[in-house]
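Q: Okay, here's the structure, questions in a sec.
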Amino acid sequence: MEMSVSYLIELLGVIVFTISGAFSAMQKRFDAFGVLIIGFVTALGGGTIRDVLIGYTPVSWMRTANLPLITLVTGILTIFFKQYIKNLKTTFIIFDAVGLGLFTMIGIQRGVAEGLSPEICIILGTITGSFGGVLRDILLNNIPQIFRKEIYATACIVGGIVYFLLISTFDKNIARLVTISLICGIRLVAVRYNLSMPKFYA
Amino acid sequence: MEMSVSYLIELLGVIVFTISGAFSAMQKRFDAFGVLIIGFVTALGGGTIRDVLIGYTPVSWMRTANLPLITLVTGILTIFFKQYIKNLKTTFIIFDAVGLGLFTMIGIQRGVAEGLSPEICIILGTITGSFGGVLRDILLNNIPQIFRKEIYATACIVGGIVYFLLISTFDKNIARLVTISLICGIRLVAVRYNLSMPKFYA
Amino acid sequence: MEMSVSYLIELLGVIVFTISGAFSAMQKRFDAFGVLIIGFVTALGGGTIRDVLIGYTPVSWMRTANLPLITLVTGILTIFFKQYIKNLKTTFIIFDAVGLGLFTMIGIQRGVAEGLSPEICIILGTITGSFGGVLRDILLNNIPQIFRKEIYATACIVGGIVYFLLISTFDKNIARLVTISLICGIRLVAVRYNLSMPKFYA
């Protein structure tokens, strides 16, 4: 049961991030192959960096053979139904926020499973949640959005800190649910009210 | 014997890709060090990403001490003989196509040796064949060519699929030869007739 | 004692490189989170690439929990005291050169500890010393400086070669001190007299 919930969570996150990546690639006039790759990297890149840094190899998507297939199929569907998806902008922002919460939680748990300290686990959660987007932006030759746009990775960090505060007193599943909701909520509020981290110019 | 054929194949691929990388760097007015590094990364970067993802560390070029030396020498020779190499444009395209086929085959075999599934092996072959060029383009601050230009990585994928179809009935060496020739052939036809994957604009 | 000297050396290098990275990010108008991340990546990115390539995982900064904290604090202080630091340009160049020497030495020693050949150790030293800056430039969407500006990575390579020549006859600590000083010296002379590697245009 536990297993299947985690898996569904990851699945949903992968689908949402693939759509986001594939869309960005189509906006840069990439060819079909490029669109699928950027979708793949956006969805699975954060987890891949995390796995490589902690030495969990072969990396996760090589072990769960379904994930590459799911991004592939999602990417192809995104190409064919781009008109429809375009109109779902609000739906899309919500899904992206949910994906961010889910992926961050998955990253934190992998760190805990490896016996790493809370600080490192929070960093791993942040990498899992937001570095797929960094890789996407590097491949698209853009400055990574998360360093300049609305609050994004900061939501992961806040969520991660709250998670470790909660698990000292609450049940693990409650802590997880609160954390995912919090990250998702911070992100949605940030997009809605266009909130950014302060900027400094040297 | 087997050993030495594989090694010669890899050697040739490394040389060709080093020349390709070194040339691109000279076009961007990199200094001598930059030219050598870009040559190195173009030639060995794809295999390095593959090794890191599957956890085959220290990565291959640290185990076969000759490879770094060969890219270094090739890079230096490219700098000195750039005028001559420029005129060999056709020869060069052919070599690049051969390198693509060879590197893809090497990547697939590494995946098989690690006991990974055919889909993952095909991905590893594609990464080995074409992601050195992706790293080169990132370092040169260009959008990766393989996402927008003529068929490239697609040739690796098609070759990989054909390889796994063939080895169920044919001898492994025949399957290899056909695969390498096929990838090389697709690439050459794509360049000759300027064939691209379809593009989609969101 | 040995331990603490190495640690102090690393600490100083981390602080200097964090300041350098945070400054570059502020010049590109990154938000607070972006500034801290770029500082982190500049300081710890070279060692991270090295660790991933040799399979020393979880990577070093996950094992020495202080390092991420130190870059974080340094990054925050850099934001608050940017006016003061700006005026320290000369001091800063000196620190950066010292950091380059120290990090290169650390990288070489890690390679030796892993039983790798001198050539590979020199490459690892160069990666440790200069690839944090490469990652910084990629994230800032710039062409990596080390491929075009004054002598930088070349100093690491020369230092590495000298180190392996020295340890055959001299005491290890003397060899280290000479190597670090040499790298630091080459870099300072290069900046002072604006020395570059020769450039070639294809």
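Q: For every other residue with a beta carbon closer than 15 angstrom to the beta carbon of A:Leu116, add +1 if it is Lys or Arg and -1 if Asp or Glu, then tell me the sum.
A: My count for the surroundings of A:Leu116 gives -1.
Q: Just to confirm my numbers, what's the Cα centroid distance between segment A:83-104 and segment C:1-72 in Å?
A: 33
Q: For chain B, what is the mean residue ellipticity at 222 nm derived from helices alone (per DSSP H run of n ≥ 4: -39500 (n - 2.57); sum divided by total residues; nearest 500 deg cm²/dmol)?
A: Mean residue ellipticity at 222 nm (helix-derived): -26000 deg cm²/dmol.
Q: Tilt of helix A:2-27 relative to the longest C-alpha principal axis of chain A, in degrees (0 to 90, nearest 10)?
A: Helix A:2-27 sits at roughly 40 degrees to that axis.
Q: Follow-up. Could you work out how far helix A:172-192 tilts from the main Cα principal axis of chain A, as a 0 to 90 degree angle to the nearest 10?
A: So the helix axis and the longest Cα principal axis differ by about 50 degrees.
Q: Mind counting lysine pairs for me in chain B? Cα separation below 18 Å, and the two need to be 8 or more apart along the chain or on different chains.
A: Step by step, the pairs that qualify in chain B add up to 4.
Q: Same structure again: Given a 1.4 Å probe and no ligands, DNA or RNA in the count, how much accessible surface is buried by C and A, both sides, to the nearest 100 Å²?
A: Summing both chains' loss of accessible area gives about 2600 Å².
Q: Moving to a separate point now. Please give the solvent-accessible surface of A:Trp61 in Å², to the nearest 10, using a probe radius of 1.4 Å with every protein chain present.
A: We get 10 Å² for A:Trp61.
Q: For B:Ile127, what is the net charge nearby, where nearby means another residue's Cβ is under 12 Å from its Cβ and Lys, Arg count +1, Asp, Glu -1?
A: Neighbour charge sum, excluding B:Ile127 itself: +1.
Q: Can you send over the carbon and sulfur percentage of the accessible area for chain A, probe radius 1.4 Å, protein chains only?
A: 67
Q: So which residues of segment C:37-76 lose at least 30 Å² of accessible area, probe 1.4 Å, when you go from the chain by itself to every protein chain present?
A: Hits at the 30 Å² cut-off: C:Ile37, C:Val52, C:Leu53, C:Ile54, C:Thr57, C:Pro58, C:Trp61, C:Met62, C:Ala65.
Q: Report the relative contact order of chain A, percent, no decimals, based on alpha-carbon pairs under 8 angstrom and at least 6 residues apart.
A: RCO, chain A: 22 percent.
Q: Counting only heavy atoms of protein chains, what accessible area per residue, in Å², does the protein assembly as shown have with a probe of 1.4 Å?
A: Counting only protein heavy atoms, the per-residue value for the protein assembly as shown is 43 Å².
Q: Taking a probe of 1.4 angstrom, what is the accessible area of B:Asp31 in Å², to the nearest 10?
A: 0
Q: Turning to a different aspect of this structure: I need to check one value: relative contact order of segment A:36-154, counting alpha carbon pairs closer than 8 Å and at least 6 residues apart, in percent.
A: 33
Q: Follow-up. What angle do you read, to the nearest 10 degrees and between 0 and 90, between the alpha-carbon axis of helix A:66-80 and the longest principal axis of chain A?
A: Its long axis makes an angle of about 40 degrees.
The values are calculated or read from the model by the stated rules, or taken from the named source; none is laboratory data. Keep in mind it's a predicted model, so treat the numbers as computed, not measured. FYI the Cβ positions are ideal-geometry reconstructions off the backbone, even for glycines, and counts take in every protein chain you see. Just so you know, the surface numbers come from the protein's heavy atoms only, side chains and all, with ligands and any DNA or RNA stripped out. Shrake-Rupley method; radii C 1.70, N 1.55, O 1.52, S 1.80 Å.
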